[in-house]
Structure formats: structure tokens, C-alpha cells
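Encoded as C-alpha cells, the structure appears first; notes follow it.
What follows draws every value from the coordinates through simple rules; no lab data is involved. Since we're looking at a predicted model, the values are computed, not measured. Because the Cβ atoms are built from the backbone with ideal geometry, glycine has one as well, and the counts that use them run over all protein chains shown.
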Amino acid sequence: MKALVLIGGFGTRLRPLTHSVPKQLIPIAGQPMLYHVLDLLPPDVEEIVLATGYKSETIDAFVRAHPPRWPVRTVPEAEPLGTGGGMKNAGGDLSDPFYLLNSDVIASADLGALRAAHAAHGGLGTMALAHVEDTRPYGVAALEGNDRISRFVEKPEPAEAPSHWINAGIGIWGRGALEAIPAGRPVSFEREVVPGLLERGVYGFRLARYWEDAGTPERLLHAQRLLFDDGRGGSGSRPKGSLGSGPIAAAADVVAAGASFGPYVTLGAGVQVGAGAHVENSVLMDGVRVEPGAFVSGCLLGPRARVGAGHRLVGQTIGEAGEV
Ligand code: GTP
């Protein structure tokens, strides 16, 4: 089977960081979000097709420089085509069926079991579903006893939501789904296409463990905690001469003697953290400098951002080369 990964969105909710860094290349728990998503794929996947748009060249260059375990190909969109348009644009050569993944969902999901469930019910599609309290930002499924989806409502008001089971952004679809997408214009697969496919058999696959949509700073940092707690936090060791406890993932060349780290921190290449500074629950991308005595908690700091001496920074997203 091949896998189609949707990776063309603008990542507006993570601005200003996403002005220069595509969302999927933001490192969490030691590696870019995209690679945590790809890690879910079984080893026998034949090819990964990345449906790109915004910052396509950056993503293409990155996957060439850091090849994943599977052959990978990018298919860019000249104009944003939405999720369905992106599928149509990139889907010409896909297998039948194919995996469909959003590139910004962090989950514990057994895609081998998803494939087995898809084969067993014989429908057109199988959507992994996550259980959430607040369904408002998501597509919500109404399920029959055998987990067949009888209704699918995108971003309903709470009173209209048929359940708390939402589209987890992970699924398997037959090529018939691609054929149902109108060509040549932007299309939302979830809003415009999925409801019409239900009569052909679309089933839910309930995720039992964790799931997070890493599209906002708070959720991205929550996703990082989930990954660390699940032992998926990369192989980096604690910077020499630093203090603290809890999981962190640090590049080999980080300089942080006399600094301390709380749990859940990713430190990119060339990061420098001064003596007496403390960093917790944050992502510091390549070349970030935190001056002595500063305090950083719940922050996303873009490449080469700088936090001044003694500064206290809580819950902030700072873009590339930003200074505070
Ligand atoms: P926000 O702008 O912050 O909402 O983020 P986003 O642009 O990534 O949108 P959203 O999180 O809703 O997108 C869900 C998934 O679809 C992500 O994996 C996106 O990269 C992808 N996606 C969204 N729009 C497009 C598009 O026009 N083309 C392609 N190929 N993928 C898209």
C-alpha cells in the first residue's frame, strides 16, 4: 500500500513561527512532527506521497536531506486546493486502497490493525476516530452498532454533534474516494465529499490511547508531552553540565552548563542556554539563545530566537530570529 500525507496547509494558528517554518517541520520530542506521523506507518508501505503546498520546496529539501524509511515523493499544489483538492492533485498513482494521513496529528495508532479492520468490513473507507470532549473544531461521526458511520458532520455546534468521536486525520480509503472528488478547484474532503461516500460503506476505527491535533501552540506542547510519556522522545541526552529532571531531547552540540531543565523540552542544534536559566515544557529550535538567568516555560522559540538575560517568558510563540 501507498500512503498519502496532506501537508499543504498554512499553519496559521502557529504564526509567527510558521511564517518561516512549515508546521510539520517544527521539532517535538526530538524530531519534526511529520516524522512522528510517518512513524505510525507499517514498514511495508511502498511509497509515501506528500501533498504539499505552502513551503513545498522547504519540505521537499528537508525530506531529501533526512530520508524517512520509505521512498517519498512530494506533489506540490500551485494554489491551495484544500484537503480533497490536494488528494485529487497528488492521488493519481496511489494504491487501492491507500493510507490517508494528516501531517499534524500525534497519536498512538496501530495502522496494521486499521488495515485489518478495513479489509474485514470491506467498505470504501475506514476513519480512525478519537474521543474528545469539545468536538467543535472537528468532523464528528455518528456510529451504528457495527461502527459503520451513518452521519458525518464537520465542525458542528455542540448541540448538533452526533457523538464525541471525531475524525482523527488517519484513515484508509479506496480509490473510489479520489474519483468522487471534483477536479480543478479547492475541495474540503471532510465537508464536501465524505458525507456522500457514507452510503458506500465508511467505518470508524476507535483509537484507544492518546491523540492530539498539534495545530496550536498549547496542543503542540501537549502532543510533545504525550510523545515523551510514551517513550517516543528521541535519543538525545541531557546537555553536559546542566541540571534538572524529566524527559528532554537535546541535540549533541547544545551548550547549557549551569542551566536547568524541567520536563518535556526539545533543544535543536546549536542551542545555547546560559547559567542560571531554566527551560521547561518548550521547544527551542536550532540556534536559539537563552541568556543567563532567563525563565522559559510553555514556549515555542523559532530558529535563532533570543531571550534576554533574566527575562521571564511564559506561553509565547516567537518566530525565526525574534528577540525578547
Ligand atoms: P491552520 O491554518 O492553523 O488551520 O492549519 P492548517 O493549514 O494545517 O489546517 P488544518 O490543520 O485544518 O489542516 C489539516 C491537514 O490538512 C494538515 O495536515 C494540513 O497540512 C492539510 N491541509 C490543509 N489545507 C491543505 C491544502 O490546501 N492542501 C493540502 N495538500 N493539504 C492541506
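Secondary-structure-derived ellipticity at 222 nm for the chain, considering helices only, amounts to -5000 deg cm²/dmol, per-run term -39500 (n - 2.57) for DSSP H runs with n ≥ 4. Residue-normalised convex hull volume from the C-alpha trace of segment 263-320: 56 Å³ per residue. Per the Kirkwood formula applied to alpha carbons, segment 224-324 shows a radius of gyration over Rh ratio, Rg over Rh, of 0.92. The label point for A142 and the one for R64, both projected 7 Å from the Cα toward the Cβ, are 5.0 nm apart.
Semi-axis lengths, largest first, of the ellipsoid equivalent to the chain are 37, 20, 18 Å, with √(5λ) applied to each eigenvalue of the Cα gyration tensor.
If one computes the Cα centroid of segment 196-265 and of segment 80-123, what distance in Å separates the two points? Segment 196-265 and segment 80-123 have Cα centres spaced 23 Å from each other. Placing +1 on the Cβ of every Lys and Arg and -1 on the Cβ of every Asp and Glu, with nothing else charged, gives segment 1-99 a dipole about its Cα centre of roughly 420 debye. Once Rh is set to the Kirkwood radius over Cα pairs, what Stokes-Einstein translational diffusion coefficient, in µm²/s, holds for segment 1-72 at a temperature of 25 °C and a viscosity of 0.890 mPa s? My calculation gives 194 µm²/s for D. Look at the dipole of the chain built from charges on Cβ: of A65, G11, V153, the Cα furthest out on the positive end belongs to A65.
Just checking the listed ones, G196, G174, G268: in the Gaussian network model of the chain with Cα springs under 10 Å, the one fluctuating most is G196. Ignoring lysines fewer than eight residues from K2 along the same chain, the ones with Cα atoms less than 27 angstrom from its Cα are K23, K55, K88. Normalised by the number of residues in the chain, the mean separation of alpha-carbon contacts (under 8 Å, six or more apart) gives a relative contact order of 16 percent. Stokes-Einstein D for segment 93-159 at 4 °C, 1.567 mPa s, Kirkwood Rh over Cα pairs, in µm²/s? The Stokes-Einstein estimate is 94 µm²/s.
When the alpha carbon coordinates of segment 162-303 are projected onto the principal axes, the ranges are 62, 35, 25 Å, largest first. When +1 charges are put on Lys and Arg Cβ atoms and -1 charges on Asp and Glu Cβ atoms, the dipole computed for the chain relative to its Cα centre reaches about 480 debye.
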